[in-house]
Structures are given as structure tokens and as C-alpha cells.
1. Looking only at the stretch 9-46, how many residues end up being exposed (fewer than 14 other Cβ atoms within 10 Å of the Cβ) and either within 17 Å of residue 77 (Cβ to Cβ) or modelled with pLDDT under 85 (or both)?
2. Out of the residues in the stretch 47-86 meeting the condition of being out of contact with any strand residue (DSSP E or B) (no Cβ under 8 Å at 6 or more places or on another chain) and part of a loop (DSSP other than H, G, I, E, B), tell me which one is surrounded by the most Cβ atoms within 10 Å (Cβ to Cβ).
3. Output yes when any residue across the stretch 59-69 is over 20 Å from residue 31 (Cα atoms) and at pLDDT 90 or above, and no when none is.
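The values are calculated or read from the model by the stated rules, or taken from the named source; none is laboratory data. The structure displayed is predicted, hence computed values, not measured ones. Here the Cβ is made from the backbone with ideal geometry for all residues, glycine too, and neighbour counts use every protein chain on show.
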Amino acid sequence: MDYRKGSGEVTVKPAKNHHPTVKPIQLLKKIIQLFKTPNDLHVLDPFMGSGSMGIACIELGVSYTGIELDPEYYTIAQTRLSHHEN
């Protein structure tokens, strides 16, 4: 995964998920389920971190948009999400 910053490219390949505040996916799923609406639910996570909310959304079939500034955490999240999308 490439992260573009300015005019150069930086490739980040973290060895493991070392994000300091990884949330339990089961807890996030419970929180998402509390927000049932008559319309389709879409979750916006402006501080995606390692992608736990995205995984919970994938498992529940809820659409999701995640935003992460740190390229290393973004790569961790993309890796975790790709395993759950398949």
C-alpha cells in the first residue's frame, strides 16, 4: 500500500498491529446495532486507527468509510480489512 505525501511516495509495511487503542470488534458490533434506522446505515470513522470499526461493519453488512492520517496505521487497517472482505 502506498501513502502519498506531497510529491513523494512512502511505502509502509508494518510487521504487526501495534495500535495502542485497538477496540473489541464484538463491542463495536453491539454499538452499531444500537443505531438501527429505517434508512440504510453508513458508518463514518474519521479516526480509523487499525480498522476495528471497519471489520465490525463488514461482519454486519453495514457500509463504512474510514479515514486515517498515519500511513502505518492506514496500512494495518487496509491489511486487516482485506482479510475480512474475502
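1. To start, the set of residues in the stretch 9-46 that are exposed (fewer than 14 other Cβ atoms within 10 Å of the Cβ) comprises 9-11, 13, 15-16, 18, 20-21, 24, 26-27, 30-31, 33-40, 42, 44, 46.
Okay, now just the ones that are also either within 17 Å of residue 77 (Cβ to Cβ) or modelled with pLDDT under 85 (or both), so 9-11, 13, 15-16, 18, 20-21, 24, 35-39, 44, 46.
Of the residues in that region, 17 qualify.
2. Selected residue: 50.
3. From the stretch 59-69, those over 20 Å from residue 31 (Cα atoms) are 68-69; that's our starting set.
Cutting the leftovers down to at pLDDT 90 or above gives us 68-69.
Within the stretch 59-69, one or more residues are over 20 Å from residue 31 (Cα atoms) and at pLDDT 90 or above.
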